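Below is one structure, written out as structure tokens, with a few remarks after it.
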Amino acid sequence: MTIKPLPPRCPSCGSGLRVVRLQCPACEAEVSGDFDLCPACLLEGEVRRVFDLFLAARGNLRQVQRELGVSYPTARQRVEEMFRQLESRPRPPVPGEVLSRLRSGEISVDEAERLLRGDAD
């Protein structure tokens, strides 16, 4: 079975996607829920390629440089951009914390819903 990369955005509207079901390929057991995606799963295009090359090279920038066919400073710049994107991803809210803030009156129902959906400010 060929595993396809996870699409980072909805192909229909462009919104972020959620993982709601996992399946074991061996026994076909399924687990349903609302699971967080890792930050690397949200990288797209060339940045994702740089991430994959960086891991395969075990962090060796010279090897990344050779694989990309670019100069060392360019490879370093692309790896830095990859790290910037990984670090700039907002951390998903913890549902229990959002509900506690709602119960205490710190936030409104609309604000809680927005936070739980992961909508930007």
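List of remarks:
- Over the chain, DSSP H runs of length four or greater, each weighted -39,500 (n - 2.57), average out per residue to a 222 nm ellipticity of -14000 deg cm²/dmol.
- Over all other residues within a Cβ to Cβ distance under 15 Å of THR74, the charged ones net out to +1, with Lys and Arg as +1 and Asp and Glu as -1.
- Order of ASP52, ASP34 - criterion: other Cβ atoms within 10 Å of each residue's Cβ, fewest first: ASP34, ASP52
- Sorting the segments 95-108, 59-72 by their residues' average number of neighbouring beta-carbon atoms within 10 angstrom, most packed first, yields 59-72, 95-108.
- Fully extended contour minus Cα-Cα distance, from SER32 to VAL109, at 0.36 nm per residue: 25.2 nm
Where a number appears in this text, it was derived from the coordinates with a stated rule and is not lab data. Source: prediction; values computed, not measured. Reconstructed Cβ throughout: ideal geometry from the backbone, glycine too, with neighbour counts over all protein chains shown.
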